[in-house]
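What follows is a set of notes on a single structure, which appears directly below.
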Amino acid sequence: DSGVTQTPKHLITATGQRVTLRCSPRSGDLSVYWYQQSLDQGLQFLIQYYNGEERAKGNILERFSAQQFPDLHSELNLSSLELGDSALYFCASRAGLGGEYYGYTFGSGTRLTVV
Amino acid sequence: AQSVAQPEDQVNVAEGNPLTVKCTYSVSGNPYLFWYVQYPNRGLQFLLKYITGDNLVKGSYGFEAEFNKSQTSFHLKKPSALVSDSALYFCAVRAPYGQNFVFGPGTRLSVLP
């Protein structure tokens, strides 16, 4: 157990629907990162939050949004889902904005299947 | 902009033989370099890192990696492969003052008994 908890582990939903993925970072970690892993595009950075504030955006679609709550857990909201959104979505946490010596701690991911 | 290349999609090696998984990078300034491993249906796990100092770094499970600044490479190595090393390996780089890591596309390692 890495200490980063992601729920649900699996999600199957229909096109056009909206889903919410949840991440609880490792205790004490203030930074949360969301990544999308698909077969054709590898591991793509989506967005980063630090202590409740958005800090960096990557290749995140406008249909996707995220937030980090006061208790530091984060949610990734995916709306108007398309078949191509099917992927593994990973959350990772890190102690601070620095913490480069320790890299990221990853959760086990949420596998989203859009049918 | 920073980038990472892992030139091999797949590496096959016999158990007991040495293994190498290649990684080259592009970044401004001195890089922070990492290797992660992903087992089926699991998240990425940290293996080792290079920040500064000795070019040869040792990590978990007997893995090591050599930083070569002139060749901008950070190849992952292990002297004797195990079947249990079979997994997907990711190299990642971060610029010294950057916020985020950029991951390579991954290399699937298969260790054959």
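The values are calculated or read from the model by the stated rules, or taken from the named source; none is laboratory data. Being a predicted model, the structure only gives us computed values, none of them experimental. Please note: Cβ atoms are built from the backbone with ideal geometry, for glycine as well, and neighbour counts cover all protein chains shown. Keep in mind that these areas ignore ligands, DNA and RNA; they rest on the heavy atoms of the full protein, side chains included. Shrake-Rupley method; radii C 1.70, N 1.55, O 1.52, S 1.80 Å.
Condition first: open to solvent by 40 Å² or more (accessible area, probe 1.4 Å) and of a type in the set (Phe, Trp, Tyr). Now tell me which residues in segment B:34-55 satisfy that. Listed by number, the residues that qualify are B:Tyr39, B:Phe46. Tell me, yes or no, whether segment B:104-113 has at least one residue that is exposed (fewer than 15 other Cβ atoms within 10 Å of the Cβ) and of a type in the set (A, V, I, L, M). Among the residues of segment B:104-113, at least one is exposed (fewer than 15 other Cβ atoms within 10 Å of the Cβ) and of a type in the set (A, V, I, L, M), which makes the answer yes.
Of the residues that make up segment A:32-43, is at least one β-branched (Val, Ile, Thr), modelled with pLDDT under 95, part of a strand (DSSP E or B) and open to solvent by less than 30 Å² (accessible area, probe 1.4 Å)?
Checked segment A:32-43: at least one residue is β-branched (Val, Ile, Thr), modelled with pLDDT under 95, part of a strand (DSSP E or B) and open to solvent by less than 30 Å² (accessible area, probe 1.4 Å).
Among the residues of segment A:65-108, those that are modelled with pLDDT of 90 or more, among the aliphatic types (A, V, I, L, M) and either within 12 Å of the chain's Cα centre (by Cα) or part of a loop (DSSP other than H, G, I, E, B) (or both) comprise A:Ala66, A:Leu72, A:Leu76, A:Leu78, A:Leu81, A:Ala87, A:Leu88, A:Ala92.
Within segment B:51-63, residues that are over 24 Å from B:Gly29 (Cβ atoms) have Cβ atoms under 9 Å from residues that are open to solvent by 50 Å² or more (accessible area, probe 1.4 Å) and not in a strand (DSSP E or B) in these pairs: B:Tyr61/B:Leu82; B:Tyr61/B:Ser84; B:Gly62/B:Pro79; B:Gly62/B:Ser80; B:Gly62/B:Leu82, counting only partners at least 6 apart in sequence or on another chain. Scanning segment A:1-22 for residues that are within 11 Å of another protein chain (Cβ to nearest Cβ) and not in a loop (DSSP other than H, G, I, E, B), we see that the one that is farthest from B:Gly43 (Cα to Cα) is A:His10.
Checked against (1) under 21 Å from B:Phe103 (Cα atoms); (2) in a loop (DSSP other than H, G, I, E, B), A:Glu62 meets all criteria but (1).
Exactly one residue out of B:Ala14, B:Ala1 is surrounded by fewer than 18 Cβ atoms within 10 Å (Cβ to Cβ) and more than 28 Å from A:Pro25 (Cβ to Cβ): that is B:Ala14. Residue count for segment B:22-38 satisfying the condition of being closer than 27 Å to A:Arg26 by Cβ and either in contact with a helix residue (DSSP H, G or I) (Cβ under 9 Å, 6 or more places away or on another chain) or at pLDDT 90 or above (or both): 8.
Counting only strands (runs of 3 or more DSSP E) that fall entirely inside segment B:16-113 and contain at least 1 residues that are within 19 Å of A:Ser93 (Cα to Cα), the qualifying elements are B:32-38, B:44-50, B:87-94.
Conditions tested, residue by residue: (1) touching a His at 6+ places or on another chain (Cβ under 7 Å); (2) without any contact (Cβ under 8 Å) to a residue 40 or more places away in the chain; (3) more than 22 Å from A:Ser38 (Cα to Cα).
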| site | (1), (2), (3) |
| --- | --- |
| B:Leu48 | no, yes, yes |
| B:Glu66 | yes, yes, yes |
| B:Ser73 | no, no, yes |
| B:Cys91 | no, no, no |
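The set of residues in segment B:56-89 being within 14 Å of chain A (Cβ to nearest Cβ), touching a Ser or Thr at 6+ places or on another chain (Cβ under 8 Å) and buried (at least 20 other Cβ atoms within 10 Å of the Cβ) consists of B:Phe74, B:Tyr89.
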